[in-house]
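The structure's right below; bear with me while I get my questions together.
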Amino acid sequence: PFKRIDGKRASARVLSEVAEQVKQLQQQGAQPGLAVVLIGEDPASQVYVRNKVLRAAEVGIYSLEHKLAADTTQADLLALIDSLNNDPQIHGILVQLPLPEGMDETRVLESINPLKDVDGFHSSNVGGLSQGRKVLTPCTPAGCMRLLHDTCGDLSGLHAVVVGRSNIVGKPMAALLLQANCSVTLVHSRSRDIERLCRDADILVAAVGRPKMIKRDWLKSGAVVIDVGINRIASDSGTRLVGDVDYEDVYDQVAAITPVPGGVGPMTIAMLMQNTLDAARMQLSKGE
Ligand code: NAD
């Protein structure tokens, strides 16, 4: 494998596998469907939603974008989710976060049918992941696992250190690594001696949101690094994106590393398509 882990290539592979399997479902008369719900006008969220809908079309997944005004009430949002839960053409429901001020995120996410929860944020799926059941799993950590398996093969017995403990990335990442038989250390903003803990990592996953925080002397020689961070910093020509790991600084120290951009980012959306396909399969096999 190459030292620079190519997320674009890996995601293209996932997408073409998904497209192939969607085609097979279509030949049996079934069509996976994804509903993406966006509330308000946050520009970044608009871009994410547009990309998700475009990617769905590319792999043959039917998709519907529901755009709601910023002043939509929570009751109206819950009513929409309820109708999508009961819509047999829709197998995946994604509510783009963050929600507008004043909405109860937990309440909204818990209202999604867990079988259609393609973001994997419903407590039933979170619990299932922690029990090692086969459930819909958050897309970013699932994408990181795919890159790690491509790079390292079997992960059994390796020491993985995850930096960051968010519900979206850090915690599910730790659960997936444990499931893959790693020894897992989860460190965060209150951890003591974080550099020493990181230096013991065979695999380091950074999901912090601090530009270039992780330097060469945080890593043991030959570590494999997955950089989830996406940070916009000032540059000569305006702004540019960098990860949580100082890529240039650590490059000679590591066995393999994901770049930012072009690493984890493209995998996230590919795994969303995979989840939608998996959700459709689960629902179709239950006769729903
Ligand atoms: P978050 O803000 O919810 O969580 C950050 C975590 O980092 C927290 O658990 C906190 O304890 C920890 N942290 C903060 N400062 C720290 C420090 N100095 N030392 C150690 N730990 C520290 O963020 P998130 O949603 O998990 O996202 C993390 C990063 O990943 C962000 O840059 C985000 O943009 C990016 N992200 C990328 C993708 C993708 O598709 N590539 C998806 C989600 C998030």
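The values are calculated or read from the model by the stated rules, or taken from the named source; none is laboratory data. All of these numbers come straight from a predicted model, not from anything done at the bench. Counting neighbours? That spans all protein chains shown, and the Cβs are built from the backbone with ideal geometry, glycine included.
Suppose we keep only residues that are over 30 Å from ARG133 (Cβ atoms) and more than 12 Å from the ligand (Cβ to nearest atom) within the stretch 184-199. Which one would you say is surrounded by the most Cβ atoms within 10 Å (Cβ to Cβ)?
Checked the stretch 184-199; the qualifying residue surrounded by the most Cβ atoms within 10 Å (Cβ to Cβ) is ARG199.
Run PHE2 past the list (1) under 17 Å from the mean Cα position of the chain (by Cα); (2) in contact (Cβ under 8 Å) with a residue 12 or more places away in the chain; (3) within 19 Å of MET267 (Cβ to Cβ) and report the number of the one that doesn't hold.
(1)
Moving on. Any idea which of VAL118, VAL108 is in contact with a helix residue (DSSP H, G or I) (Cβ under 9 Å, 6 or more places away or on another chain), without any contact (Cβ under 8 Å) to a residue 40 or more places away in the chain and more than 14 Å from the ligand (Cβ to nearest atom)?
Matching residue, one of VAL118, VAL108: VAL108.
May I pose another question? Can you run down the residue pairs with Cβ atoms below 6 Å, 6 or more apart or on separate chains, where the first is in the stretch 257-275 and outside the structural domain of VAL242 (by TED's automatic domain parsing) and at pLDDT below 95 and the partner is surrounded by 24 or more Cβ atoms within 10 Å (Cβ to Cβ) and assigned to a helix (DSSP H, G or I)?
So the pair list comes out empty.
Can I ask one more? If you check ASN231, ASN181, which single one turns out to be surrounded by fewer than 24 Cβ atoms within 10 Å (Cβ to Cβ) and within 11 Å of the ligand (Cβ to nearest atom)? Walk me through how you get there before you give the answer.
Working: ASN181 fails: within 11 Å of the ligand (Cβ to nearest atom).
Criteria check complete, one pass: ASN231.
Another question about this same structure. Just to be sure I understand, how many residues within the stretch 225-282 are within 20 Å of the chain's Cα centre (by Cα), of a type in the set (Asp, Glu) and not in a loop (DSSP other than H, G, I, E, B)?
2
Would a scan of the stretch 11-18 turn up a residue that is within 30 Å of GLN253 (Cβ to Cβ), crowded, with 17+ Cβ neighbours inside 10 Å and in contact (Cβ under 8 Å) with a residue 12 or more places away in the chain?
Checked against the condition, which is being within 30 Å of GLN253 (Cβ to Cβ), crowded, with 17+ Cβ neighbours inside 10 Å and in contact (Cβ under 8 Å) with a residue 12 or more places away in the chain, the stretch 11-18 yields at least one hit.
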